[in-house]
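This report refers to the structure that appears directly beneath it.
The values are calculated or read from the model by the stated rules, or taken from the named source; none is laboratory data. Note that the structure is predicted; figures quoted are calculated from it, not measured. Here the Cβ is made from the backbone with ideal geometry for all residues, glycine too, and neighbour counts use every protein chain on show. Side chains included, ligands, DNA and RNA excluded: accessible areas come from the protein's heavy atoms. Shrake-Rupley method; radii C 1.70, N 1.55, O 1.52, S 1.80 Å.
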Amino acid sequence: MTNPALASGVDAAWILRQLAQPAPSQTGFVELRGSALLKEPLRVEGQYRRPDANTLVREVRSPYAETTTIAAGQVSIIRAGKPPRVFSLQRVPELADLQTSFGALLAGDQAALEQAYRLQPSGTAQHWQLVLTPKAEALARRVRGVTLHGQGGELRCIETQPAKGEVQRTLLGGAAAAAGGIRQADVLLALCHADGAR
C-alpha cells in the first residue's frame, strides 16, 4: 500500500509519527554555534538521552565535558572540576521549553506541540521540513522559530533562530555521525538540510 505522504508531500502528523521514539532513547549530536567573534562556529559534540519519558539528559563530550539533566522541574549541571549546580526550571524557561518540545516531538504528540507552536510542514517523505513558530509572546521574544530537517523517519537537524544572534544548528543521528571531523560550514549546512545524504 502506498503511503500518500510519499506522493503528495507530508503533513505534521506524518512527520511526528516518524519521529516518535518511546523512552529510553538516545541520539548523538553535533551543535554548531555561530558568532561574529569567531572565524568558524563553535562545535559542541555529545549525546541526548531520554532515560524515561520525563527526563532529558544532554551530555557534552567535546570540547568540554558537561552533563545537563532536566527532570522533575529541576535542572542539574555537572561539569568536570566544578561543584554540581541544581536550580529550578522556572529560572530558565528556555530549558523548560526545550524539555517540553523535545518530549512532545519524541512522543509524537502533535496536540502538545500545537499548544506552543504553529506547525508548518513541507517537502516529501524523503526530504522534509517542519517549521515551529512560537505562539506565546514570551517565547517569541527569545526564539523566532525552529526548523526541523529530516529524511524518512530520521530527524537530521534542528535549526533554531534566536530573536537576536545567528542561527544555531544541531545535527542529530546520521547527520551528526557524518559530520565527524568536518569543519567546512557549507558541508555542515548541506548535512543539516539533508543535502549531503541524498
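General remarks:
- Of the residues making up segment 98-139, those that are assigned to a helix (DSSP H, G or I) and touching a strand residue (DSSP E or B) at 6+ places or on another chain (Cβ under 8 Å) are 98, 99, 101, 102, 103, 105, 106, 110, 113, 116.
- Test: residue 63 is modelled with pLDDT of 90 or more, open to solvent by 30 Å² or more (accessible area, probe 1.4 Å) and in contact with a strand residue (DSSP E or B) (Cβ under 8 Å, 6 or more places away or on another chain): yes
- Considering residues of segment 69-90 that are in contact (Cβ under 8 Å) with a residue 12 or more places away in the chain and of a type outside the set (A, V, I, L, M, F, W, C) only, the residue surrounded by the most Cβ atoms within 10 Å (Cβ to Cβ): 69
- Criterion applied to 49, 17 was being in a strand (DSSP E or B) and at pLDDT 90 or above, and the one residue passing it is 49.
- Some residue of segment 77-93 being more than 22 Å from residue 142 (Cβ to Cβ), modelled with pLDDT under 90 and in contact with an Asp or Glu (Cβ under 8 Å, 6 or more places away or on another chain): yes
- Single condition residue 177 does not satisfy, out of (1) assigned to a strand (DSSP E or B); (2) of a type outside the set (D, E, K, R); (3) within 20 Å of residue 21 (Cβ to Cβ): (1)
- Of all the numbered requirements in (1) open to solvent by 30 Å² or more (accessible area, probe 1.4 Å); (2) modelled with pLDDT of 85 or more; (3) basic (Lys, Arg), residue 198 misses one, and that requirement is (2).
- Residue list for segment 140-160, restricted to those being assigned to a strand (DSSP E or B), open to solvent by 20 Å² or more (accessible area, probe 1.4 Å) and touching a helix residue (DSSP H, G or I) at 6+ places or on another chain (Cβ under 6 Å): 154, 155
- Options 134, 121, 93; residue that is touching a helix residue (DSSP H, G or I) at 6+ places or on another chain (Cβ under 6 Å) and open to solvent by 30 Å² or more (accessible area, probe 1.4 Å): 121
- Taking the listed residues 172, 105, the one that is in contact with a Cys (Cβ under 9 Å, 6 or more places away or on another chain) and open to solvent by less than 50 Å² (accessible area, probe 1.4 Å) is 172, with no other qualifying.
- All conditions in (1) touching a Lys or Arg at 6+ places or on another chain (Cβ under 7 Å); (2) under 20 Å from residue 47 (Cα atoms); (3) surrounded by fewer than 20 Cβ atoms within 10 Å (Cβ to Cβ) hold for residue 163, with the sole exception of (2).
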